[in-house]
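Okay, so here's the structure we're looking at.
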Amino acid sequence: LMSTGHLIVRVAATPFAVEAAVRAGETVFAKELVEAFDRWAPYTGNPDWLALSERCHALVTGDDDHFVRSIDAHALGSSEFERARTELLYGSRLRRMRRPLRAREHLRSALDAFQRLDCGWWAERVVGELRAAGEAPGAAPRRRTLTPQQTRIAELVAGGATNREVAATLFLSPRTVDHHLRNIFTRLGIRSRVDLARLMT
């Protein structure tokens, strides 16, 4: 990946190097980095590394499907910070593509995570993106309004549906439903399905 330094450090730094190369317009170099990263990351079976691999491909190709797969993989991983960074990057891309509703959904999720992790600088970046997407997060109440999709998921779960049943109803993957459900709990300040059922009735 790079000629000097400890192998694990070099591997771990690759997703950041890919992002920097894409921002600098060095697409050929970015593709070379992704190809080298893919000779290692997909074979680990680690969802965190798989998520970062998909994120790298999303940045290089501009393909939304890679972002979706990255977020799905993050839902099975343990790095909340990297999941939030992926949602920030995807939300920023959606905003630039003039898809503000979808952009705000991912940006709100990123903001929730960065605030929980006390990552002030990153949270400020998301706030700037949300404002550019037509939302003033500083004026939002503590218990933010759910997105239409999250509201539908919350209603189904409150009615007793399992994640798999919700996924089948809404044509989503169970991992995506689980990811949304965790965000719903965070936004509503609750901890369980029982709390959700009480709140939605």
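The values are calculated or read from the model by the stated rules, or taken from the named source; none is laboratory data. Worth saying up front: this structure is predicted, and the values here are computed from it rather than measured. Here Cβ is always computed from backbone atoms with ideal geometry, including for glycine, and neighbour counts include all displayed protein chains. Each accessible area value is taken on the protein alone, full model and side chains, heavy atoms only, with ligands, DNA and RNA left out. Shrake-Rupley method; radii C 1.70, N 1.55, O 1.52, S 1.80 Å.
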For the chain, longest principal axis from Cα atoms; helix 64-76 axis from its Cα atoms; angle between them, nearest 10 degrees, is 70
Nearest 10, in degrees from 0 to 90: the angle of helix 174-188 to the longest Cα principal axis of the chain is 60
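With all protein chains present, how much of the accessible area of the chain (probe radius 1.4 Å) comes from carbon and sulfur, to the nearest whole percent?
Numbers: 5740 of 10550 Å².
In the chain, the share of accessible area belonging to carbon and sulfur is 54 percent.
Per DSSP H run of at least 4 residues, take -39500 (n - 2.57); add these up for the chain, divide by its residues and hand me the 222 nm value, nearest 500 deg cm²/dmol. Intermediate values should be presented prior to the final figure.
Details: 11 runs with 146 residues, N = 201.
Mean residue ellipticity, 222 nm, calculated: -23000 deg cm²/dmol.
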The FRET efficiency for V28 and A132, from their Cβ-Cβ distance with R0 = 35 Å and rounded to 0.05, is 0.75
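Return one whole number: the accessible area per residue of the chain in Å², for a 1.4 Å probe.
Values: 10550 Å² over 201 residues.
Accessible area per residue: 52 Å².
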With R₀ set to 30 angstrom, the calculated FRET efficiency between the beta-carbons of A168 and S79, to the nearest 0.05, is 0.60
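Would you mind working out the magnitude of the charge dipole of the chain relative to its Cα centre, with +1 at each Lys and Arg C-beta and -1 at each Asp and Glu C-beta, to the nearest 20 Debye? Each step should come with its number before you reach the end.
Working: 30 positive and 24 negative charges, 152 e Å.
Its charge dipole is roughly 720 debye.
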For the pair T186 and F16, the simple spin-label estimate (label points 7 Å beyond Cα toward Cβ) gives in nm 2.1
Taking Cα atoms only, helix 80-96 is inclined relative to the longest principal axis of the chain by an angle, in degrees rounded to 10, of 90
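Determine the relative contact order of the stretch 9-166: mean sequence separation of Cα pairs under 8 Å and six or more apart, normalised by residue count, in whole percent. Before the final figure, lay out each step's value.
Numbers: 158 pairs, mean separation 19.9, N = 158.
Relative contact order here is 13 percent.
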For the chain, the charge dipole (Cβ of Lys, Arg +1; Cβ of Asp, Glu -1; about the Cα centre) points to a positive end, and the Cα of L199, Y43, Q150 closest to that extreme belongs to L199
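Exposed loop trypsin sites (Lys or Arg not before Pro) only (DSSP loop, at most 14 other Cβ atoms within 10 Å): please give the longest stretch of the chain free of them, not including the sites.
On the way: sites that count: R39, R98, R142, R143, R191.
The longest such stretch corresponds to 40-97.
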